[in-house]
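S.K.: Dropping the structure in here first, questions after.
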Amino acid sequence: MKRFNNRQVQPNSIVDIITPLLCARLGRIDMTEVGIDDIAIHFPKLYFGMEDFAEFRGADFGKLNRGLGLEAMAIPDVHEDTATMGANACARLIDRNNLDPNNIGRIYLGTESALDGAKPTATYIMDMLEQRYQKQFGDDCFRHCDVVDLTFACIGAVDAMHNTLDWVARGGESQDRIGIVVFADNAKYDLESSGEYTQGAGGGAILIRHNPRLIVIPDNWGVSTMPVHDFFKPRREVDMKTVVENVLDLAEEAGEKPRKSGLVEKILDVLPLSSLKDNILFESKTLKIHKDTPVFDGQFSNRCYSESVKQAFINFRIEAIRSGRYDPDNDDILTEQWKRIIVHLPYAFQGKRMFPDVFRHDRRHLPLWNEIIEEIGEEPLPEDFEDYEEFEKANDHYRRLISKTSLFKDFVDARIEKAQRASSLVGNQYTGSIFLALMSTIESDHLENEEMVGERIGLCGYGSGAKAKVFEGIIQSEWKQIAERFNLFGRLEERHPIDKEIYESLHRGTARKSILSPENEFALVSVGGDDVLEGQRKYSWFE
């Protein structure tokens, strides 16, 4: 007999017999398994060490390292952007899986670092891939590939994968649909802001197909969406005087010595006349801009993260019970069924700091919760507080107390810790953070000779604004063959450190020449120029 969780099921039950018949009668496809066949990742070759960053900013390295798990942040070079990082990951995936571009049905990109307000960044990625593969596979080898960007802060790539899994599953009896999900971002914060130490960058590509070698993803999703302003990138108005002053400051950094006395006012007197190219009057003395760096409320965002993941987990649990996947009266605790837990990590220790809410919800109705109460006391309830903000503060404190209990620490060590390892060395990847955590876990399990075939893992994605999705994966029999090709930690050891001067020049955009010349990768060659439209971007492959 087959074992389904903790229950035994007869292999020739009426469900096993009638389901294929119903599918055939209704014209539906066979419910074959779909999921992740392989993952490739690309990260910048430059990094800024957290100890150097802490000294530069006068921060407490112990707090950043032991408190948040930060060791280094990946920093893009001059020739790198969202598109190059995504394209380099795609090329790695295509090459090692011997894919024919003519057979790739879609490339869906999840990003919050788009390069254009109208043209999808995924089209830049496709342009680079065509350059590289057209000689071998034909000039139009990507002509029939569907590409688009999906944006919902850090959960955009999970959305792209969710969509692509559905598309592959509906591919018919031939089961030959192949999709690539791309994640690519530059997680950049204002200099000297409270988010600066959580920066990072990178891109990746996920191969989605039937009967995957790595992870099957069942069609059981928990979702939580709430429209909040915890983190966003608005279109902003900036006083023209501030713009001119910043330009003059940058000129000084570049070695120029403009005489500032009265110069700002003289420039402002000229600007209202108009811009001959765009015929824009600066009558309001303000300029509307869009910045790559976000506006955010860190404490509020943490609460949104925790609440969203908890509510998505509750929704996932309800759907699992409804579908018969989970029986709370007879099965193990749901989160105990997940051998590993992968979450979005804007910084390495975010998962273990935010997961206590799910841990509490999944156990508070059981006798073992009494052990927690004996250790840290009863949890706060909203009705015990006149002011909801006071309840939130008390709940934040109780969440921290949960994270320090022995039960929760053992839970984290067994299920979450391995996901943190690569994040500590790379930093935030926005849409790619959850998949970097997944690769970190899988490679660590492979290196430590863990037996994972058939094990379930839980995945919790989050995007500010705010949305969370909880789903699960089942590790497949060929996972070790896929994992041994990642070489994630080996490549991280080969990166090049930079100092504070280079870091700031790259951040400000004043560096004009690449720190490391591009090699065996796609690179940005130019933006705009003679005989092309304003802002047009050109990329090339460098051997």
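The values are calculated or read from the model by the stated rules, or taken from the named source; none is laboratory data. As the structure is a computational prediction, the values presented were derived from the model and not from experiment. No Cβ is skipped: glycine too gets one built from the backbone with ideal geometry, and neighbour counts run over all protein chains shown. The protein model used for the area step is the full one, side chains on, heavy atoms only, and it has no ligands, DNA or RNA in it. Shrake-Rupley method; radii C 1.70, N 1.55, O 1.52, S 1.80 Å.
S.K.: In nm, what is the difference between 0.36 nm times the number of residues separating Glu51 and Arg236 and their Cα-Cα distance?
M.R.: 63.3 nm
S.K.: For Gln536 and Glu504, compute 0.36 nm times the residue count separating them, minus their Cα-Cα distance, and round to one decimal in nm.
M.R.: Stretched fully, the Gln536-Glu504 segment lengthens by 8.9 nm.
S.K.: Which order do Arg57, Arg340 take when ranked by solvent-accessible area (1.4 Å probe, heavy atoms of all protein chains), largest first?
M.R.: My answer, sorted largest first, is Arg57, Arg340.
S.K.: Moving on to the next point. Nearest 0.05, what FRET efficiency do Glu378 and Arg491 give at R0 = 35 Å with Cβ-Cβ as r?
M.R.: E between Glu378 and Arg491, to the nearest 0.05, is 0.15.
S.K.: Over all directions, the average projected area of the alpha-carbon convex hull for the stretch 321-457 comes to how many nm²?
M.R.: It is 10.4 nm².
S.K.: Please figure out what share of the DSSP beta bridges in the chain is antiparallel and state it in percent, rounded to the nearest 5.
M.R.: The antiparallel fraction comes to roughly 75 percent.
S.K.: Using the Cα atoms as the points, what is the convex hull volume per residue of the stretch 409-543 in Å³?
M.R.: Hull volume over Cα atoms, normalised by residue count, gives 202 Å³.
S.K.: May I ask you to derive the FRET efficiency for Ala414 and Leu263 from their Cβ-Cβ distance with R0 = 56 Å, giving the value to the nearest 0.05?
M.R.: E(calc), rounded to 0.05, equals 0.35.
S.K.: Filter the GluC sites (Glu not before Pro) in the stretch 365-416 to those in DSSP coil with at most 12 other Cβ atoms within 10 Å of their Cβ, and list the result.
M.R.: Glu378, Glu386
S.K.: Sticking with this structure for a sec: Tell me, what is a quarter of the convex hull surface for the C-alpha atoms of the stretch 95-148, in nm² with one decimal?
M.R.: Averaging across all directions leaves 4.0 nm² for the Cα convex hull.
S.K.: With just the Cα atoms of the chain, tell me how far they stretch along each of the three principal axes, in Å, largest first.
M.R.: Cα spread of the chain along its principal axes, largest to smallest: 84, 65, 43 Å.
S.K.: Starting from the 7 Å offset along Cα-to-Cβ, what nm value, one decimal, do you get for the label separation of Asp166 and Met226?
M.R.: Computed distance between label sites Asp166 and Met226 equals 2.4 nm.
S.K.: Express the relative contact order of the chain as a whole percentage, based on alpha carbon pairs under 8 Å and six or more residues apart in sequence.
M.R.: 22 percent
S.K.: At 1.567 mPa s and 4 °C, plugging the Kirkwood radius over alpha-carbon pairs of the stretch 64-127 into Stokes-Einstein gives what diffusion coefficient in µm²/s?
M.R.: In µm²/s, the coefficient rounds to 92.
S.K.: Mean separation of Cα pairs under 8 Å and 6+ residues apart, divided by the residue count of the stretch 142-202: what relative contact order is that in percent?
M.R.: Relative CO of the stretch 142-202 lands at 21 percent.
S.K.: Kirkwood Rh and Cα-based Rg: tell me the resulting Rg over Rh for the stretch 436-514, rounded to two decimals.
M.R.: Taking Rh as the inverse mean 1/r over Cα pairs, Rg/Rh reads 1.15.
S.K.: Rounded to the nearest 500, what is the chain's calculated 222 nm mean residue ellipticity when only DSSP H runs of at least 4 contribute -39500 (n - 2.57) each, over all residues?
M.R.: -11500 deg cm²/dmol
S.K.: Let me ask another. Got a sec to turn the phi values of the stretch 382-387 into Karplus ³J(HN,Hα) couplings, 6.51 cos²θ - 1.76 cosθ + 1.60 with θ = phi - 60°, whole Hz, x for Gly and Pro?
M.R.: x, 5, 7, 10, 6, 10
S.K.: For the cross-link pairs Lys310/Lys352; Lys135/Lys538; Lys291/Lys352; Lys241/Lys291, which exceed 23 Å when the distance is taken from alpha carbon to alpha carbon?
M.R.: Checking Cα-Cα distances, Lys291/Lys352 exceed 23 Å.
S.K.: Using only the Cα atoms of the stretch 468-521, what semi-axes does the equivalent ellipsoid have when each is the square root of 5 times a gyration tensor eigenvalue? Give whole Å, largest first.
M.R.: Value: 36, 18, 10 Å, ordered largest first.
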